[in-house]
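Novice: Sharing a structure here in structure tokens format.
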């Protein structure tokens with residue numbers, strides 16, 4: 001099925017390759033992912049998205065909702081474009097959108113993400129899906145849906161540990177039982193709360209700290225003001241935004257690898273004040289640029305310098 005991009009701009013590769021979601025893999029021109037119990041095969045060609053969904057559906061709204069094609073991205077980017085650094089990040093990944101993930105899978109994914117890199121997180125989530133999910137065979141490959149809270153809540157700790165969750169296995173098991181029982185906690189209800197109230201609720205769950213809560217709020221529950229703070233964002237604060245903090249605060253957070261809850265809240269509050277109600281978009285552009293784009297730009301600059309030295313015609317990369 002073809003979907004005209006009615007909401008420009010959009011860049012599929014940046015959106016799926018920026019590290020916000022862990023169930024996507026690129027094979028050639030196509031991206032494959034599992035979204036809400038369906039396998040999605042999608043690619044972008046100029047101003048069109050071509051996709052297939054298994055089990056089949058002809059509902060383009062499924063794709064539009066997941067990729068937030070209803071967001072007014074030009075307006076959002078104009079609002080967060082506060083300085084030269086964020087403008088470089090936007091230029092590098094122009095068209096990146098926040099994906100609208102399924103809340104339960106997003107919650108478990110970010111509980112498992114603590115102290116792990118992106119490839120390791122992907123492996124853990126895939127292990128959970130293989131162990132407890134439903135297999136879908138398509139394009140000669142096996143995919144697995146993500147297990148619901150009931151399925152995980154009825155298993156045992158040793159089975160979860162086999163999925164390489166480590167100490168996080170206990171958190172996932174306890175949280176799944178709370179969500180499954182549903183009497184005191186409703187994930188979807190958080191969407192109707194304001195940011196602070198929803199975050200306070202998430203922080204009551206086992207294994208959920210400030211960063212995990214902010215990631216779930218941003219990537220699954222439509223709280224675009226959430227500003228997750230990780231190692232990459234902390235580095236950006238040192239390099240580009242230290243003037244917005246007291247010198248003593250910068251010295252304190254630079255002296256150790258982790259942040260106290262108070263320090264985390266102060267940086268997150270800065271992000272919301274400085275970038276406004278779409279601070280989450282600013283965070284994701286800065287995060288992606290810090291991880292990938294800055295090195296790419298530096299490499300291009302070195303190539304350009306060499307080309308000028310040798311009086312070669314400079315190549316312009318998109």
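Novice: Considering the Cα positions of region 162-224, please state its Rg to one decimal place and its Dmax as a whole number of Å.
Specialist: Gyration radius and largest Cα-Cα distance of region 162-224: 12.0, 37 Å.
Novice: Under 4 °C and 1.567 mPa s, how fast does region 1-70 diffuse according to Stokes-Einstein, given a Kirkwood radius computed over C-alpha pairs? Answer in µm²/s, whole number.
Specialist: 105 µm²/s
Novice: OK, next. Given a cut-off of under 8 Å on Cα pairs at least six residues apart, what relative contact order in percent is computed for region 1-70?
Specialist: That works out to 34 percent.
Novice: Under 10 Å, Cα contacts only: if you run a Gaussian network model on the chain, which one of 153, 109, 78 comes out with the highest mean-square fluctuation?
Specialist: 78
Novice: With just the Cα atoms defining each centre, how far is region 162-232 from region 79-152? Give it in Å.
Specialist: 14 Å
Novice: If you take volume of the Cα convex hull per residue in Å³ from the coordinates, which of (i) 159; (ii) 150; (iii) 126 do you get?
Specialist: Evaluating volume of the Cα convex hull per residue in Å³ on these atoms matches (i).
Novice: Within the chain, what percent of beta bridges assigned by DSSP are antiparallel, to the nearest 5?
Specialist: 100 percent
Novice: Debye sum, Cα scatterers, region 157-301, no solvent: what log₁₀ I/I(0) at q = 0.17 1/Å?
Specialist: Listed by q, the Debye log ratios stand at -1.04.
Novice: I've got another one for you. Looking at region 1-124, I'd like the Rg to Rh ratio, where Rg is from alpha-carbon atoms and Rh is Kirkwood's inverse mean 1/r.
Specialist: 0.97
Novice: Under 10 Å, Cα contacts only: if you run a Gaussian network model on the chain, which one of 129, 60, 93 comes out with the highest mean-square fluctuation?
Specialist: 60
Novice: Report the full-extension gain for the segment residue 27 to residue 46: residue separation times 0.36 nm, less the Cα-Cα distance, to one decimal in nm.
Specialist: 5.0 nm
Novice: Another one. Given contacts defined as C-alpha pairs under 8 Å and at least six residues apart, what's the relative contact order of the chain, whole-number percent?
Specialist: 18 percent
Novice: Using bins 5 angstrom wide from zero, how does P(r) for region 101-221 break down, in % of all Cα pairs?
Specialist: For region 101-221, the pair-distance distribution reads 2, 12, 21, 25, 19, 13, 6, 2, 1, 0.
Novice: Along each principal axis of its Cα atoms, how long is region 45-182 end to end? Whole angstroms, biggest number first, please.
Specialist: For region 45-182, the Cα extents along the three principal axes come out at 49, 37, 31 Å.
Novice: Percent relative contact order of region 101-221, based on C-alpha pairs within less than 8 angstrom and at least six residues apart?
Specialist: 29 percent
Taken together, the values in this text are just the output of simple stated rules run on the coordinates, not laboratory data. For clarity, every value in this text was computed on a predicted model and none was experimentally measured.
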